[in-house]
Amino acid sequence: MCHSGGWKRDPRVVSDRLGRTRVATMLTCTLSVDHRAIDGAEASKFLQRLRHVISDPGGLG
């Protein structure tokens with residue numbers, strides 16, 4: 001089960017791909033899995049991929 005909170009502006013300062021500094025827009029995601037069926041490392045890979053897809057949806061194609 002994957003739950004997402006809401007998008008919110010966060011006062012953290014981050015650098016984008018071009019090295020520009022900007023204020024981050026953050027989305028909180030929580031993943032709940034049965035560890036008998038899915039290893040924590042695989043769940044972590046899923047969340048990393050989800051982050052990548054959300055950050056750069058143009059890379060889906």
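The values are calculated or read from the model by the stated rules, or taken from the named source; none is laboratory data. Model, not experiment: these values are computed from the prediction. Accessible surface areas use protein heavy atoms only, side chains included; no ligands, DNA or RNA. Shrake-Rupley method; radii C 1.70, N 1.55, O 1.52, S 1.80 Å.
Brief remarks on what is shown
- Listed values for the stretch 19-27 are Karplus-derived 3J(HN,Hα) couplings in whole Hz (6.51 cos²θ - 1.76 cosθ + 1.60, θ = phi - 60°), namely x, 7, 8, 8, 7, 7, 9, 10, 10, and x replaces Gly and Pro.
- The accessible area of residue 8, taken with all protein chains in place and a 1.4 Å probe, comes to roughly 120 Å².
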